[in-house]
Amino acid sequence: MPDNSGQLVPFDPAAARHPGPGPSARPLFGLDAAALASVLEREGEPSWRANQIIEALYHQYITDISSITTLPLDLRRKLVSLGWQIARPEIARAFQSADGTERYLVNCPGPRPETVETVWMPQGDDGEAGDGMEEEPASETKSWRRSTICVSSQVGCAVNCQFCLTARLGLERNLTAGEIAGQVVAVLDRHGVRVGRDRVNLVFMGMGEPFLNYDNFMAAVRLLVREIGISPQRMTVSTSGIVPGIERFAAEPADLRPRLAISLNAPNDEIRSQIMPINRKWSIATVVEAVRRVPLRPRERITFEYVLLGGVTDGPEHARELARLVRRTGLPAKVNLISWNPGPDFHYSSPKPEAAELFRDTLVAAGLPAYIRQPRGRDIFAACGQLKRTMEA
Ligand code: SAH
Ligand code: SF4
């Protein structure tokens, strides 16, 4: 039986005063059941109380130890005096788009404070098209029955894709598992979303390259699946083609493995190397070889993302070459087309809408499922490749 006796005891806020973020801060958020149990055991407390902390952090969205009233007052005080804090990432600023999308600056208050960006798309991001996910019955009570949260995995990015704004930041640092999963919980909390009752999709397509922060990324996925209760089949991770990461990903158990999207962005190595220098390290063939090792679930497909750059990658000849390339891989696949989202000081242009439609139709005619992803939140710099901690909008 959980001990709820603490609930009726008034909490003394003075006892909760903790040192501000700094090297001594010990964040609880991000720890899984086993890690919390060992923290408790070390302090001579019963390990089953880990479940109460899990419930408080990951389901009740409590952000202050003093408010975990299922824990006895003494234990709350003790944790605080030992330097423990929940230290969950918190939304510091929100920018609202005319289309309902919201972009957030999220403060990560751990030992190395940072600000990251997270995006909430109440109507989904269209990335689910062709996944069989859009066929679900409409809920009458929720307007965001297929909401999608776009999550960052790093502050900045080291990959240097020529068309991406995040690339210009360079890599500042990796995010921890708690900082990655915490973005999700902060957004669920803001919108009163309850996992289990409401449907939520996650895309790891915010700032950063998840497969260059593999351990933290997968630890976040484990937290999101096991402690928070989101199915990995509702998560998609996008990579620019980091082959060692894809190989590790292929070895993950199916019950913990998100869907995989590859940012292909070009129909051949020549163009891809120009716009994504990482292609000189891992060519298209090498990436495809690694993707082949991922054991897919029934009906699962690999998503190839393809940014349409006006005059560079958006011609019908590129579409035909892309269709041949994808067909040759033999992989069950679909293509998500993304019109390039502009940013300052780029020499690229967005494709004309007709070019994007012709591109999609050419792929479809060649037997390849293809979808145009509607840009979400362009006006607030929330769309793909626009996350650069822009303060305006
Ligand atoms: N680093 C990972 C995930 C984040 S980028 C990756 O590259 O896959 C998410 C997607 O945004 C990628 O498919 C990328 O190609 C695309 N993207 C980057 N900049 C863009 C821009 N300016 N307009 C449209 N899509 C862009
Ligand atoms: Fe990094 Fe992805 Fe942007 Fe490339 S597209 S620079 S991998 S965030």
Go through (1) within 11 Å of ligand 1 (Cβ to nearest atom); (2) in contact with an Asp or Glu (Cβ under 9 Å, 6 or more places away or on another chain) for Glu179 and report which single condition fails.
(1)
When you go through Arg146, Arg197, Arg168 one by one, which is the residue that is touching a strand residue (DSSP E or B) at 6+ places or on another chain (Cβ under 8 Å) and either more than 22 Å from Ile275 (Cβ to Cβ) or assigned by TED's automatic domain parsing to the domain that holds Glu114 (or both)?
Arg146
Out of all the residues in the range 1-34, which are modelled with pLDDT of 90 or more, surrounded by 14 or more Cβ atoms within 10 Å (Cβ to Cβ) and out of contact with any Leu (no Cβ under 9 Å at 6 or more places or on another chain)?
Pro27, Ala33
Selected residue (only one of Arg360, Arg327 is away from ligand 1 (no atom under 11 Å from the Cβ), at pLDDT 95 or above and either among the aromatic types (Phe, Trp, Tyr) or in contact with a strand residue (DSSP E or B) (Cβ under 6 Å, 6 or more places away or on another chain) (or both)):
Arg360
Mind listing whichever residues of the range 291-300 are part of a helix (DSSP H, G or I) and surrounded by fewer than 21 Cβ atoms within 10 Å (Cβ to Cβ)?
Arg292
Against the definition (without any contact (Cβ under 8 Å) to a residue 40 or more places away in the chain and crowded, with 18+ Cβ neighbours inside 10 Å), how does Leu73 come out, yes or no?
no
Qualifying positions in the range 215-237 - in contact with a Lys or Arg (Cβ under 6 Å, 6 or more places away or on another chain) and within 16 Å of ligand 1 (Cβ to nearest atom)
Thr236
Scanning the range 322-349 residue by residue, those within 16 Å of ligand 2 (Cβ to nearest atom) and of a type outside the set (Val, Ile, Thr) turn out to be Asn336, Leu337, Ser339, Trp340, Asn341, Pro342, Gly343, Pro344, Asp345, Phe346, Tyr348
Qualifying residue in the range 246-260 (condition: hydrophobic (A, V, I, L, M, F, W, C), under 14 Å from the mean Cα position of the chain (by Cα) and either within 11 Å of ligand 1 (Cβ to nearest atom) or at pLDDT below 95 (or both))
yes
Counting only residues in the range 301-340 that are in contact (Cβ under 8 Å) with a residue 60 or more places away in the chain and assigned to a loop (DSSP other than H, G, I, E, B), the one farthest from Ile372 (Cα to Cα) is identified as Arg301
Can we say Ser66 is of a type outside the set (Lys, Arg), under 18 Å from Phe204 (Cα atoms) and modelled with pLDDT of 95 or more?
no
Checking the structure you have, find out if any residue of the range 141-148 is at pLDDT 90 or above and either out of contact with any His (no Cβ under 6 Å at 6 or more places or on another chain) or assigned to a loop (DSSP other than H, G, I, E, B) (or both).
yes
Here is a list: Asn160, Asn201, Asn174. Which entry is touching a residue at least 24 places away in the same chain (Cβ under 8 Å), closer than 23 Å to Asn341 by Cα and more than 11 Å from ligand 1 (Cβ to nearest atom)?
Asn201
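The values are calculated or read from the model by the stated rules, or taken from the named source; none is laboratory data. Computed from a prediction, not measured in an experiment: that's the story for all the values here. Here the Cβ is made from the backbone with ideal geometry for all residues, glycine too, and neighbour counts use every protein chain on show.
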